[in-house]
1. Out of residues 5 or more away from T143 or on other chains, whose amide H comes under 5 Å of its own, with H placed 1.01 Å from N in the peptide plane?
2. Using the structure shown, list the pairs from K52/K97; K3/K309; K94/K216; K52/K265; K327/K357; K94/K302 with a Cα-Cα distance above 26 Å, or answer none.
3. For the chain, what does -39500 (n - 2.57) per DSSP helix run (n ≥ 4), summed and divided by total residues, give at 222 nm, in deg cm²/dmol to the nearest 500?
4. Mind sorting W231, W92 by how few other Cβ atoms lie within 10 Å of their own Cβ, fewest first?
5. What's the ranking of 46-53, 93-100 by average number of surrounding C-beta atoms within 10 Å, highest first?
6. Shape verdict for region 72-160, please, from the Cα gyration tensor: rounded (a/c under 1.5), prolate (a/b greater than b/c) or oblate.
7. May I ask you to sort S112, S137 by Cβ crowding, counting other Cβ atoms within 10 Å and putting the fewest first?
8. So what is the diffusion coefficient of region 186-311 in µm² per second by Stokes-Einstein at 25 °C and 0.890 mPa s, using a Kirkwood Rh over Cα pairs?
Amino acid sequence: MRKPRLFTPGPTPIPEHVMLRMAEPIIHHRHAEFVALMGRINANLQTLFCTKQPVLSLTASGTGAAEAAISTLFQAGEKGININNGKFAERWGKMMKVYSMNVVDVSVEWGSAINEEQLVAVLKEHPDAACVWLVHSETSTGTYTDIRTMARLIRDNSNALVCIDGITSIGAHECRMDEWGLDVVITGSQKGLMIPPGLAFVALSERAWERADAHKPRNFYFDLRKAREAWQENSTPWTPAVTLFIGLEPALEMMMQEGVENVWKRHALLSRGLRAGLQAVNLPLFGSSPSHAVTVAYLPEKGRKDFIKLLKNDFGVTVIGGQDALKDVVFRTSHLGYYDEADMLAVLGSIEYALQKVGHEFEAGRSVYAAQRVFMGVE
Ligand SMILES: *Cc1c(COP(=O)(O)O)cnc(C)c1O
């Protein structure tokens, strides 16, 4: 027997009681029971996003939330700045092009976050920009961008809306939508929210809503004004993925019980432990600004092709490889969502085992010990 252990940044593992809840008989989405459920979910989503604005739930994967925001807020020919430092960041530039926006794609080296001078220079060069898209935690490279600082710079230097892909940062990194002046924040269900894929979430600031109200919709299903109207009645404009909402309630409840700030702290601790562990067995980390959601390290020289398969086949541990230029170069281990210290020790122990099998040079036991010291608070 092998117990399957998922260490991927979406889908992420689902707590057992959440799975059981979703196995219960379905309810009708226009029934009072569902309206009450949505009321509880909506309030908890606002706490999670640190906002007083509606957090709208869409039946789509995370990408749908970006599409809804772009098609609700921007017109053809408007300028959109896209800070492109990875595979997901790249997507928002492509999407704005499909909506006939004039896209300024600012390419930042993979593994790095844009710095303040670079951003200010772009803002000065494009004073007419309608928005700036930034990825808070770029999952393809495990890179964190300091959104709080960047949002302040955007607000100080331009009228552009601050649009944040928080798909792997919501529930992992501190993200205070209202306090930090973020205009669009999106996430997806299969990441920090610990339920299966199929729901997307988006919140707009007051000034973003003013923009939405002044525009004609460019998309019917994803018109956020319709979603906001339904939200006021604790409802959705179309048939929602009812089962996923049934799972979302206990998952959010878990986060509320832990406390959102403690959820952020747990992710910081687990990522620090995992990074220490990997470095202790001679697996250098990729990038200069590590995310708390996913850790990216170079594959062992010996076993570049086999290491990930070996982990899966021999230990039931699923990590994921790199994309594009990082394919067969790095592997990504997630600690986003339903994870604790013991999970990190298990994945590190399995990684050591696989390293021995491929003949990597390291001192056995080092990774687990290094992580333990971080978790004990002595490192
Ligand atoms: C997963 C992910 C996405 C895409 O979300 P889908 O749910 O696959 O549509 C976008 N951005 C980031 C940072 C992600 O991790």
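1. E138, S291
2. On the way: K52/K97 31 Å; K3/K309 16 Å; K94/K216 22 Å; K52/K265 23 Å; K327/K357 21 Å; K94/K302 37 Å.
Distance filter (> 26 Å) returns K52/K97; K94/K302.
3. Helix contribution divided over all residues of the chain: -13500 deg cm²/dmol.
4. Final ranking by Cβ density, sparse to dense: W231, W92.
5. Answer by packing, highest mean first, reads 46-53, 93-100.
6. Taking the square roots of the gyration eigenvalues as a ≥ b ≥ c, region 72-160 is oblate.
7. Details: S112 17, S137 32.
Sorted ascending by nearby Cβ count, the order is S112, S137.
8. 133 µm²/s
Read the figures in this text as sums done on the coordinates, not as results from a lab. Since the structure is predicted, the reported quantities are computational estimates derived from the model, not experimental observations. Please note: Cβ atoms are built from the backbone with ideal geometry, for glycine as well, and neighbour counts cover all protein chains shown.
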